[in-house]
Amino acid sequence: MGAEGQAALRERPGADLLLLEEFDVEQAHLGLAGDMGKTAHAAYALELCDRLCPPRQAEPAVFGWLSELLLRLEAGRASAERLRVFEIGLLGRLGLGPALDRCALCGRRDLGEENTRWHPEKGGVVCPSCIQRGDVLTGETRQALAHLARLSLGEAETVTLDRAINASCRRAILGLVRTHVAGPLRSLEFIEKMGGDR
């Protein structure tokens, strides 16, 4: 499925891609290849990192987050909850995390369980006093997203999301991702065709 290691790369005049001269494998992730769900989740995580991270810029926090996800996928099963934690954690590590515990416009924090609006282009949750149009984000979904944003990938294994709440969280996160990524995410389309945990 994939491997981690040390690569020796060389610039090529006039070319966007670097030339790979050498690669020393340190972690092979062979355990992902035998399970379609694990393979799909790993491919999606890799594509997200590729599409969201600036080219030719070291992102050690993102690399560590991705590496941990791949190791946990190998050791366990593919789960929607872990994928949600990975997505929102990745956005946070890239400085793209949404406001979930306060209104992104006025800063109001006493949102409780009330419904808000979801405006990724404005920074996340927006209270009804600021904007009354846009996608509704229920209080339950907002609280679930805020909880997921605080979790480690290990803690994600202890969480079970209601199917409808997971779907709402997924829609909100993908809305945010799509404000930063142009075009389709091929691996996500594959997961949706499989109809498994996503």
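The values are calculated or read from the model by the stated rules, or taken from the named source; none is laboratory data. Just so we're clear, the structure is a prediction, and the values are computed from it rather than from any experiment. A quick note on method: Cβ atoms are made from the backbone with ideal geometry, for glycine too, and the neighbour counts reach across all protein chains shown. Heads up: the accessible areas ignore ligands, DNA and RNA and are worked out on the full protein's heavy atoms, side chains in. Shrake-Rupley method; radii C 1.70, N 1.55, O 1.52, S 1.80 Å.
Quick notes on this structure:
- Two-site label geometry, residue 108 and residue 133: point separation in nm, points 7 Å out along Cα→Cβ: 1.9
- Solvent exposure of region 42-163 as accessible area per residue, Å², 1.4 Å probe: 49
- Going by accessible surface with a 1.4 Å probe and the largest first, 63, 86, 190 read 63, 190, 86.
- A helix-only calculation puts the chain at -14000 deg cm²/dmol for mean residue ellipticity at 222 nm, using -39500 (n - 2.57) for each DSSP H run of at least four residues, averaged over all residues.
- Phi-based couplings in Hz for region 171-182 (Karplus 6.51, -1.76, 1.60; Gly and Pro marked x): 4, 5, 5, 5, x, 5, 4, 5, 6, 10, 10, 8
- Of the residues 179, 141, the one with the largest accessible area comes first in the ranking 179, 141, computed with a 1.4 Å probe on protein heavy atoms.
- Global dimensions of region 1-141 from alpha-carbon coordinates: Rg and Dmax equal 19.3, 57 Å.
- Structural descriptor for the chain: relative contact order 20 percent, calculated from alpha carbon pairs under 8 angstrom and at least 6 residues apart.
- Under 5 Å between amide hydrogens, built in the peptide plane, is the criterion, and for residue 115 it picks out 139 among residues at least 5 positions away or on other chains.
- In degrees, nearest ten, helix 60-75 long axis to first principal axis of the chain (Cα): 80
- Extension gain, residue 155 to residue 18: 0.36 nm times the residue separation minus the Cα-Cα distance gives 45.6 nm.
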